[in-house]
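Remarks on the structure that follows.
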Amino acid sequence: MSLTESALDMRDELVRLRRSLHTTPEIGLTLPRTQEKVLEALGGLPLEITTGRSLSSVTAVLRGGRRPEGPAAPVVLLRGDMDALPVSERNDLPYASMVEGRMHACGHDLHTTMLAGAAHLLSSRREELAGDVIFMFQPGEEGCEGARHMIDEGVLDAAGARPVAAYGMHVVSSMLQPGLFATRRGPVMAAADVFQVTVTGRGGHGSSPHRARDPIQAACEMVSALQTMVTRTFDVFDPVVVTVGQFHAGTADNVIPDEAYFEATVRTFGRDSRRLVKRRLVEVVEGVAAAHGLGVEASFGMGYPVTVNDPGEADFAGRTAEELFGPGRFFVTPKPNTGAEDFSYVLEAVPGAFVFLGACPPDRDPATAPYNHSTEAMFDDEVLPDGAALYAALAMSRLGS
């Protein structure tokens, strides 16, 4: 039986696991119920399993039957993230989230399920494997740097030798046609940093602004100036995105407050651009504040690095998908995604590739369907066998099995 046939044979079990995970989402680094379900799904398999010390991670190692003896055995790492988001689901589904304020709106429940499916597929083919496989079940992708924590706890060395390659996968609820795999060489997702600004003035009566030092007006000017700075400083072919997502000031219509605060997400793809934008953002807000005679405090918090695919591994992932599913199932994305991923920490240490999988339900149009992180995002369970099969095929082919 082929990998795809074996994966299809597991479809019902995969759907059950995914829907069970979807009903009980957990957020952050501590996911006890999710961890328990993963351990149960891996039960009975010939795996060396360890759990995290500071987070609810699961690391499983499969030793190949054809691996050379000693430390020379090649290793491949496969990763799936497990955490949900702090949003309330607005879908009328029989398996919708049962936890108010939490939802698997980014499809991590599918990633976890597909990786568990790959563990079953590869375990049944253990004697064919010419090396070892690390299955990395990771909490805390959504802003908690779970991948970095797992690296600190030794996931990259779990099999005894560093992986020769690492692969991650991410479903999308729109943009891609269902069942279509996609990736690209080089940068595939952006670095994500945070810029925080507090403007300090002198409060007063709204009827007499000349007697105060209005921080709101200056903060508004800063927001506009930041957008102009981006377009006049950075090459459009090396994109930089600055989006102010929070702005807080004031308590009443006739009161000029003492302070105004805003916060922005900053997305970049190049190391030089990332360094430069940090400096220029601070220069702009300090210059505007000085012009208005106001004080300003600005901080730049470094977040996830750029997710960079190894060119050879990106090509290999595409070839593997086409060999497994036939022509037309793989697409080279012409530009990177401005989202961010902490799989970037893995790819900084190990060559590999991050692959997208279209999971838009068949009754929705991928061009208009709610995207990941939406309270109305939905994912098609029919892609689960394909994702599990590609994970397994990447490991088997990369190990030369």
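The values are calculated or read from the model by the stated rules, or taken from the named source; none is laboratory data. Just so it is clear, the model here is predicted, and its values are computed rather than measured. Heads up, the Cβs are rebuilt from the backbone with ideal geometry, glycines too, and the neighbour counts pull from every protein chain shown. Protein only, heavy atoms only, side chains kept; ligands, DNA and RNA dropped before computing areas. Shrake-Rupley method; radii C 1.70, N 1.55, O 1.52, S 1.80 Å.
Numbers at a glance
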quantity	calculated
Ranking by accessible area, most exposed first, for Tyr391, Tyr95 with a 1.4 Å probe	Tyr95, Tyr391
Hz values of 3J(HN,Hα) by residue in the range 240-257 - Karplus curve (6.51, -1.76, 1.60), Gly and Pro given as x	10, 10, 10, 10, 7, x, 9, 8, 10, 6, x, 10, 7, 5, 10, 10, 7, x
Crossing angle, helix 271-292 versus the chain [Cα axis fit, 0-90 degrees, rounded to tens]	20
Whole-Hz couplings from phi, Karplus 6.51/-1.76/1.60, listed for the range 98-111; x for Gly and Pro	9, 10, 4, x, 9, 7, 7, 8, 10, x, 5, 5, 6, 4
Separation of alpha-carbon centers, the range 222-277 and the range 313-333, rounded to whole Å	38
Positive dipole terminus of the range 343-386, leading residue within Ala369, Ala349, Pro385 (C-beta point charges)	Ala349
Inter-centroid distance (Cα atoms) of the range 375-401 relative to the range 19-62, Å	18
The chain, helix-only ellipticity at 222 nm - DSSP H runs n ≥ 4, -39,500 (n - 2.57), divided by all residues, nearest 500	-10500 deg cm²/dmol
Reference-scaled alpha-carbon Rg (2.2 N^0.38 Å with N residues) for the range 313-374	1.33
Cut-off under 5 Å, modelled amide H: who pairs with Ile256 long-range	Gly204, His205, Gly206
Among Gly301, Ala290, Gly160 the positive-end extreme of the charge dipole of the chain (Cβ point charges)	Ala290
DSSP-defined antiparallel bridges as percent of all bridges, the chain, nearest 5	70
Protein accessible area in the range 17-56, 1.4 Å probe - carbon and sulfur %	49
Amide H contacts of His373 (H built 1.01 Å from N, under 5 Å, at least 5 apart or other chain)	Cys106
Cα-based Rg and Dmax for the range 241-306, where Dmax is the largest Cα-Cα distance (Å)	14.3, 45
Residue among Thr50, Thr30, Thr231 with the largest mean-square fluctuation in a Gaussian network model of the chain, springs linking Cα atoms under 10 Å	Thr231
Sorted largest first, extent of the range 80-190 alpha carbons per principal axis (Å)	46, 31, 31
The range 182-208 and the range 104-169: distance between their alpha carbon centers, rounded to Å	33
Accessible area per residue, Å², the chain with all protein chains present, probe 1.4 Å	42
Cα-based shape type of the range 254-355, given that a ≥ b ≥ c are square roots of the gyration tensor eigenvalues and the cut on a/c is 1.5	prolate
For the range 31-147: rounded, prolate or oblate by the Cα gyration tensor [a/c cutoff 1.5]	prolate
With DNA, RNA and ligands ignored, accessible area of Arg16 (1.4 Å probe; Å², nearest 10)	150
Derived scalar couplings ³J(HN,Hα) [the range 322-335; Karplus, 6.51 cos²θ - 1.76 cosθ + 1.60; whole Hz; x for Gly, Pro]	6, 5, 7, 10, x, x, x, 9, 10, 9, 8, 6, x, 9
For Gly295, net neighbour charge (Lys/Arg +1, Asp/Glu -1) across residues whose Cβ lies under 14 Å away	-3
For the chain, diffusion coefficient by Stokes-Einstein and Kirkwood Rh (Cα), 4 °C, 1.567 mPa s, µm²/s	57
Along each principal axis, Cα extent of the range 292-401, largest first, Å	66, 39, 22
From the C-alpha gyration tensor of the range 144-280, square roots of 5λ in Å	42, 19, 16
